[in-house]
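Asks: This is the structure I want to talk about, given as structure tokens.
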Amino acid sequence: MKKLFLCFTFLLGGLAVQAQEMRDLDQINEDNSWLKLGVNLGVPVGDVSNISSLALGLDVAAQFMRTDNYGLGVATGYTNYFKKSDIGEGTGLTDGFGAVPLGLMFRYYPQPSGLFVGTDVGYTFLTGANSADGGAYIRPQIGYHNYDWNIFGYYNQVFRGDPGIDIQSVGVAVTYNIRFK
């Protein structure tokens, strides 16, 4: 996973090096900044797949296009991991539980409409997880975008510090862009 994170970081860094006009925060308008609201549907993988059968959630993000191709912002939301069985004894994740991420988002859009790549990185707080700790997370994405919509596939991993299990899922998400005025 560390190699994947490192490769993805270099990819985003390399794409951002292109010589482009940079915008300042005082230049926020409906053409370069928006609120993204959406839903995600995922399948837990790894050890957490023994505990949960489905991950369903809401995504909220605010994005500012620093250049025509490179977006930055903050991301949060809520994802519920639905209970599958009682196999998770001792992990603190025996019941269905929730995940509330709080992170930074990075996006690269090669064209005004079409393919995009990105990632969210930050910290995920767990809810209803029998005192289980949250942890750092990463959520790489690849998808399609246009002026109003984004649809993408993602991999999400929460790196927990306790001896429990990391939380991983793969899925799809759809977000709608609401323009800032």
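Asks: If packing is taken as the average number of other Cβ atoms within 10 Å across a peptide's residues, how do 168-174, 140-146 rank, most packed first?
Replies: Answer by packing, highest mean first, reads 168-174, 140-146.
Asks: Working out 0.36 nm times the residue gap between Leu37 and Tyr144, then minus their Cα-Cα distance, what length gain in nm do you get to one decimal?
Replies: Value of the extension gain: 37.0 nm.
Asks: Now, a different point. Calculate the FRET efficiency for Ser113 and Asp166 from the Cβ-Cβ distance with a Förster distance of 25 Å, rounded to the nearest 0.05.
Replies: On the way: r = 35 Å, r/R0 = 1.41.
The value I calculate is 0.10.
We did not get these values from a lab; they are worked out from the coordinates using the rules stated. Everything numeric in this text was worked out from a predicted model, so none of it was measured. Neighbour counts run over all protein chains shown; Cβ positions are idealised from the backbone, glycine included.
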